[in-house]
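Everything on this sheet refers to the single structure shown next.
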Amino acid sequence: LVLGLAANETINVAGTLIDRLSGEYERWQEQIGNLQNELDCLEKGSLLSAAFVTFLGSESEQVRNEILNKWKGLLNLNNFSTLEFCVMETEKLNWSNRGLPTDALSQENAMILFNTTEIPLIIDPSGRASSFLMKHLKDKQVEKVNANDSNFLIQVELAVRFGKLLLIDDKSSDI
């Protein structure tokens, strides 16, 4: 009788454990499905994201969206987000903490800026991008120079010679 009670208790505990694990199994199956979908879209998503960074960085928000939607349709990736694909949530939070606005355009611009090999020209009348970049690149010892300084060309020459990062502020049309 004592053995029977212990066996019943063990069976009850095992049943409870199975019930709890069945929920985990369903969650795992859902995660497997999501990961499989991401894997299936990896090549097309990479192509779309690379094209976005390479060709649409200098376009207006409206033109970007029009072309991107056309490309998404051609690749059958209508619910795809280049921003979500290229930038982890923690990186977006870091950007926000360093002063980058949280709107999609600002974040897309940052994504392009940090994923391109070309030297960017940023038109930023508000100065927010400049402030953000100084905070974001502070560990890389970026130097901010004014294009109207008398020693501007010397600073650029030294930066090129020694591989320094320069943030040129107040770009004039004379450059």
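Observations on the structure shown:
- Of all residues in segment 145-175 being exposed (fewer than 13 other Cβ atoms within 10 Å of the Cβ) and under 21 Å from ASN109 (Cα atoms), the one that is farthest from the chain's Cα centre (by Cα): ASP170
- Residue list for segment 68-86, filter: touching a residue at least 24 places away in the same chain (Cβ under 8 Å) and either part of a helix (DSSP H, G or I) or under 17 Å from LEU56 (Cα atoms) (or both): LYS72, LEU75, PHE80, THR82, LEU83, PHE85, CYS86
- Filter result for GLU108 (touching a residue at least 40 places away in the same chain (Cβ under 8 Å), surrounded by 11 or more Cβ atoms within 10 Å (Cβ to Cβ), out of contact with any Phe, Trp or Tyr (no Cβ under 6 Å at 6 or more places or on another chain) and more than 22 Å from PHE162 (Cα to Cα)): yes
- Considering residues of segment 136-171 that are touching a strand residue (DSSP E or B) at 6+ places or on another chain (Cβ under 8 Å) and of a type in the set (Lys, Arg) only, the residue nearest to SER126 (Cα to Cα): LYS144
- As a summary of the residue check, ASP103 satisfies the conditions (1) surrounded by fewer than 13 Cβ atoms within 10 Å (Cβ to Cβ); (2) more than 27 Å from GLU38 (Cα to Cα) except for the one numbered (2).
- The residues on offer are THR82, THR102, THR90, and the sole one that is of a type in the set (Val, Ile, Thr), closer than 20 Å to CYS41 by Cβ and within 17 Å of the chain's Cα centre (by Cα) is THR82.
- Considering the conditions (1) closer than 29 Å to ALA51 by Cβ; (2) of a type in the set (Gly, Ala, Ser); (3) surrounded by 11 or more Cβ atoms within 10 Å (Cβ to Cβ), SER126 is excluded by exactly one of them, (3).
- Residues within segment 111-123 that are part of a loop (DSSP other than H, G, I, E, B), surrounded by 13 or more Cβ atoms within 10 Å (Cβ to Cβ) and under 13 Å from the mean Cα position of the chain (by Cα), tallied: 0
- Residue list for segment 62-80, filter: out of contact with any Lys or Arg (no Cβ under 8 Å at 6 or more places or on another chain) and surrounded by 14 or more Cβ atoms within 10 Å (Cβ to Cβ): ARG64, ASN65, ILE67, LEU68, TRP71, LYS72
- In segment 35-47 there is at least one residue that is part of a helix (DSSP H, G or I) and surrounded by 14 or more Cβ atoms within 10 Å (Cβ to Cβ).
- Checking each residue in segment 124-144 for being in a loop (DSSP other than H, G, I, E, B) and under 21 Å from the mean Cα position of the chain (by Cα) picks out ASP124, LEU137.
Read-outs throughout are calculated quantities, based only on the coordinates presented, and are distinct from any laboratory measurement. These numbers were taken from a predicted model, which means no experiment stands behind them. As a convention, Cβ positions derive from the backbone with ideal geometry for all residues, glycine included, and neighbour counts pool all protein chains shown.
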